[in-house]
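Please read the structure below before turning to the comments.
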Amino acid sequence: MPQVPPNRFTRWMGRTFLRVFGWKVVGTLPDLPKLVLIVAPHSSNWDGIWGMAAKIAMGFQVRVLGKAQLFWWPLSPLLRKLGVVPVDRSSPQGTVEQAVRMIRESERMWFALTPEGTRKRVERWKGGFLKIAQQAQVPILMAYFHYPEKTIGIGNVYYPTGDAEADMAAIRAWYRPWQGKNRGTV
């Protein structure tokens, strides 16, 4: 799996930050060079903070797309160091194509996103994560936030079948028990 260079201090900082605030990480990361990592429910800006702390604590490398508006000094260098890539929404290739290209061109890359696409409650998840996984020919790793127990969970690796509707239904069913800060996953 993609890992950051070993740094005991930063990993300790990530673990300590989570522990001080009462959070724990459960589950095991798979040893796969490429995958799409989806995390839900995404109902608060805090999700990004807890997720980054878990990433630092566990020492794995992940890329996420962020709004270009977030990339201003002095935040821009920090975001890039944490694996955030500015998304070019005006690109004629589109976000899915940008992500697929990044994964295909990398020897090792985990690409993370939230299937809801927003912090607001949605009835239907966006299907971009399935398209990215299928076009890049990589599996999907499912992870979750469960605020009542302050848990970040690493779940199953899911291999898309090609039937987007059935894949989405199976993935949504897996997420049903988890509760975000402001809501569940429907």
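Just so it is clear, none of the values below were taken in a lab; they were calculated from the coordinates. These numbers come from a predicted model, not from an experiment. Virtual Cβ from ideal backbone geometry, glycine too; neighbours counted across all protein chains shown.
So what's the back-of-envelope 222 nm ellipticity for the chain, counting only DSSP H runs of four-plus at -39500 (n - 2.57) apiece and dividing by all residues, rounded to 500? Please list the in-between numbers first.
Details: 6 runs with 66 residues, N = 186.
Here the helix-only value at 222 nm equals -10500 deg cm²/dmol.
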> Between Q135 and K67, what length in nm is gained on full extension when 0.36 nm per residue of separation is reduced by their alpha carbon distance?
Replying inline: 22.2 nm
> For the stretch 1-90, what is the Kirkwood hydrodynamic radius in Å, using each pair of distinct C-alpha atoms?
Replying inline: 14.3
>> How big is the stretch 8-159 along each principal axis, measuring the range of its Cα positions in Å and listing the largest first?
In response: 44, 38, 34
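Per 0.36 nm of contour for each residue apart, how much would the distance between A173 and M13 grow if the chain were fully extended, relative to their Cα-Cα spacing? Write out the running numbers ahead of the final one.
Values: separation 160, 0.36 × 160 = 57.60 nm, distance 3.42 nm.
Extending this stretch completely gives an extra 54.2 nm.
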> So, with +1 on the Cβ of K and R and -1 on the Cβ of D and E, and no other charges, what is the size of the charge dipole of the chain about its Cα centre, to the nearest 20 debye?
Replying inline: 640
